Every structure is written in C-alpha cells, then in structure tokens.
Amino acid sequence: MSGEEHRPIGHQYALAMLDGGAARVREVATASGTQGTLDAFLRVHDEEPVPAFLHSALCAMSLPTKRPKDDTQPIVREDGKYALAINPRPVLQNVDGKSVLRSLGVPYGAYPRVALIYLLSQAVMKRSRDVYLGRNFTEWMRRLGYQTVSYGPRGTANLMREQVDRLLACEWQIRWDGTGAEDNAFAVRDVKISNEYAGSLDKNGAFAREIRMSEVFYSHLIEHAVPLNEVAIRELKGTPTALDLYTYLAYRLPRISSDKGQVISWDQLAKHLGNDADSKRFRQTVRETMQLVSAVYPNANVDLSGRKVILHPSPAPMERKLVGPHLRLVSPAVPERAPRSSVAARAGRGAAPAKDGEPRVAFPEGTLSYGDREKAFRAIGLSKGHPWSVDDMAAAFRKGFPDIKRLRTEAEWLRVWEAFVIRYAERRALRPDD
C-alpha cells in the first residue's frame, strides 16, 4: 500500500481535486472512500464558508458523548492547564400542578453540541446577548440543519428540546492556565450560558423565541471565540465525536507554531474529547472519525497512525484554499476542462464529456419554470425554498455562487443548488424584507 493511501480520505480527496477535479475525487471515493465522506467533501468544497463560533475552552474540553451513569452529578474535565466543570443545577418545574425542584441532568450527545455552536455563533456575529431562535421549535431545528423534524417520545424535536433544557440549566466553571501571549490564563466560575432562561418552554408553556445570554459568559465568549465553518458542522451534526474532533483541531492546529508540531498522548486526546471508552476502542473510533472530519477539514494535518498523536500547524477551517503542507502549497482547485468547441455548450445539449462518462453541463439559464431539465431544479426550489420565488433564488444563485461558470454533472448541480436554496430560505426567514 502506498503512503498516499495511508492519508485520511479527506486528504486524498483534496489531492485528487487538485489533480483532476471532481471526476478524479469520485474515482478515489470508489476505490477508498464512502458515499458519506464524498458527499461531505463536495458540499463543503462547493459552498462558501459560513462563519460559526465556539468558546475556546469548549473546543478544548467537550461534553459527554453518551449519557453518564448518573447524569445528575457534575462533569469535570481536566488535563494540565485545562479544566471544565459542568454542574446540573436543579430547576423549578411544575409537575401535576405542584412546583418541584429537580435536576435535569448534564447535556450529552450531538444535539447540545450543535445547539451550543448555534447559540454562541449568533451571539458573536450579532454582537448581542439576545439570541433569536425562531418562530417555533421546528423552524429553529431547521436552522440547525435538521431538515426532517419529528415529534413523539423519540422524535428529533423532543430529543433536542431535552438537551437544550439540560444545557441552559447547567452552571459552568472554566479554568485555563495560559502559557503564552496568545494563550492567557483565565477563570470563569459559576456562570450559566443564560441567566434568564432555563428551558425551551416559557412560563406559559409555549416555545421561547429568544434567550438572553448571561453577561459574564457573553463577555468572555467575545474574547475567546474560535472560528468554525457552519457548512462543516452541518455535515458532522449526527456524530458527537466528529464534532469534538473537528472543533478541537479547529482551535488547536492554527495555534501551533513549531514546524515539528506538537505531540500529545492518546489519553490526553480522550480527555479533550470527553470520551470514556477503553484506550484501544477510543483509538479505533478516532481514526475512523478522522475520515469524516478530514473530508470537511482537509487542511487539518494530524498523524493518528502511531502510539502518540502528532498535531502539525495547519490553516483554520475557514480557509477555502487547500494550502496545508501535507497537501502542497497551491491556489484554489484546478477547474475542470471546458468543451473544445468555440461555442460554450448550453446545459444539457452538447455537454462536455468526462472520464467517468457523465456529461458536464452549465447551470440552467433563464427561468426554471419551463423545460424538461429545469423541472428537477424547480421542484427543489418549491419544496426547500417555500414561499420564496424560485426564479429569484436562481438569480441570486447565479450572482453569488462561486465558480458558477464551471461545468459540473447534473447530480452535482442539483446537490449544490439544494444546499443553496435551504440557506437562502433560512436567511430570508430571518430578514424577510431583504
């Protein structure tokens, strides 16, 4: 097996994209990857990065991945200079007409991680302690990337609601013993993410559309926010270890200054990721998880093959160019070749052939209301972009989508069009007068 095949699959995809574009990426996926990692890589590659943020301490120390045996007890994470304590404080609830003080337990799993990134991102981007959730819980879930929202005892809505309740009811303590000019020591004690809200229902039992972040936590967040890519978060949202590994690398790698990198033990990494599995199982889980993480963060240069973990200096995840030294110092991906004809091929007619046999075409021109090919694009616009005009969305797509003139397969166009429509509808819902 060649050395290149030992690379995480995201690195292989990135190199393939540089050498031969999306067609070459699909060849690599057929030989070594999976459909999931391929789709994640192409979506993150095709979409403009969307800023998201998380507190640096929460990048370095994570929530539990699974429900603890006694989830009413505080969780304490510590590794040298880092320490994080999550204390599930009791909250007053109405049970059968009586006020009862009880603990909801500590948050765990993927749902509170996704919710936390959303809440902190909104606060950082809007520079406001007040975070608007949405008109209802379903709308908020869709903003988080859950397009199918189900109700019932094990439905996604109720699972998320439970974890948000736990998240906002907890008190947090953070200690950070800094060692350098860019890593100053600090301590945040006995604060809540939100002082004025401790559950996803307001006093009348209705969905609370807005929460107010506690002033202490908000002020500290603004100083210690780590930039992430929301597009990548959406791809990882179902796997807590993937979210933890991504956010940890996003914080740690851009801050490494030594060309030799930094060496940490597997036990140290386990403490950072909040994973309590035995050592052998943990290593296997992380190595498998790195395949997906590398697909959405190919610039992350990490060696997980040995007895120690080696972290190499890498660009931040918001950097779109594939610039990591393990990938080569390069400009944006090489565009795929256009047709030899002096007249550009119109979508669906005279399209450029590709090595894999799938024709490369342009995005449809003009209205999407008529035409056999346009039907599929219009159907996505109507189902995912309601109630906004499909042609208005298409015009915005043609104006703002990077590499709009690049030829792609029909499947690729439909995929990136769908992702754009979803984001367009979400943004218009937030700013309906735009």
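The values are calculated or read from the model by the stated rules, or taken from the named source; none is laboratory data. Source: prediction; values computed, not measured. Glycine also receives a Cβ, built like all others from the backbone with ideal geometry; neighbour counts cover every protein chain displayed.
Annotations for the structure displayed:
- Subset of region 122-139 [touching a Ser or Thr at 6+ places or on another chain (Cβ under 9 Å), not basic (Lys, Arg) and not in a strand (DSSP E or B)]: 122, 133, 137
- Among the residues listed as 62, 56, the single one being surrounded by 14 or more Cβ atoms within 10 Å (Cβ to Cβ) and more than 25 Å from residue 159 (Cα to Cα): 56
- Test: residue in region 34-43 that is among the β-branched types (Val, Ile, Thr) and closer than 19 Å to residue 241 by Cα: yes
- Residues that are assigned to a helix (DSSP H, G or I) and surrounded by fewer than 13 Cβ atoms within 10 Å (Cβ to Cβ) within region 403-413 comprise just one, 411.
- Members of region 379-415 found to be within 26 Å of residue 321 (Cα to Cα), among the β-branched types (Val, Ile, Thr) and modelled with pLDDT of 85 or more, listed by number: 409
- Condition check for residue 106: part of a loop (DSSP other than H, G, I, E, B), touching a residue at least 40 places away in the same chain (Cβ under 8 Å), in contact with a helix residue (DSSP H, G or I) (Cβ under 7 Å, 6 or more places away or on another chain) and among the aliphatic types (A, V, I, L, M): yes
- Residue satisfying all of: in region 270-287; in contact with a helix residue (DSSP H, G or I) (Cβ under 7 Å, 6 or more places away or on another chain) and of a type outside the set (S, T, N, Q); surrounded by the most Cβ atoms within 10 Å (Cβ to Cβ) among these: 273
- So residue 258, is it outside the structural domain of residue 175 (by TED's automatic domain parsing), among the polar types (S, T, N, Q) and over 16 Å from residue 233 (Cα atoms): yes
- One residue stands out among those in region 254-292 that are assigned to a helix (DSSP H, G or I), of a type in the set (A, V, I, L, M) and out of contact with any strand residue (DSSP E or B) (no Cβ under 9 Å at 6 or more places or on another chain): the one that is nearest to residue 109 (Cα to Cα), which is 273.
- Test result for residue 74, at pLDDT 90 or above and surrounded by fewer than 19 Cβ atoms within 10 Å (Cβ to Cβ): yes
- Which numbered condition residue 58 fails, given (1) at pLDDT 85 or above; (2) out of contact with any helix residue (DSSP H, G or I) (no Cβ under 6 Å at 6 or more places or on another chain); (3) over 27 Å from residue 295 (Cβ atoms): (3)
- Residue count for region 376-402 under the criterion of being in contact with a Pro (Cβ under 7 Å, 6 or more places away or on another chain) and not in a helix (DSSP H, G or I): the result is 0.
- Filter pass, residue 118 being of a type in the set (Phe, Trp, Tyr) and more than 14 Å from residue 233 (Cα to Cα): no
- Flag for residue 121 being surrounded by 13 or more Cβ atoms within 10 Å (Cβ to Cβ) and touching a strand residue (DSSP E or B) at 6+ places or on another chain (Cβ under 8 Å): yes
Yes or no, residue by residue, for (1) in the same structural domain as residue 418 (by TED's automatic domain parsing); (2) at pLDDT 85 or above; (3) within 28 Å of residue 317 (Cβ to Cβ); (4) not aromatic (Phe, Trp, Tyr):
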| residue | (1), (2), (3), (4) |
| --- | --- |
| 125 | no, yes, yes, yes |
| 129 | no, yes, yes, yes |
| 137 | no, no, no, no |
| 152 | no, no, no, yes |
| 174 | no, no, yes, yes |
| 184 | no, no, yes, yes |
| 202 | no, no, no, yes |
| 219 | no, yes, yes, yes |
| 223 | no, yes, yes, yes |
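- Filtering region 82-105 to residues that are of a type in the set (A, V, I, L, M, F, W, C) and farther than 14 Å from residue 172 by Cα leaves 91, 92, 95, 100, 101, 104.
- Subset of region 377-400 (residues that are buried (at least 18 other Cβ atoms within 10 Å of the Cβ) and farther than 17 Å from residue 428 by Cβ): 377, 378
- Criterion: surrounded by 14 or more Cβ atoms within 10 Å (Cβ to Cβ), of a type in the set (Lys, Arg) and in the same structural domain as residue 171 (by TED's automatic domain parsing) - qualifying residue of 252, 212, 234: 212
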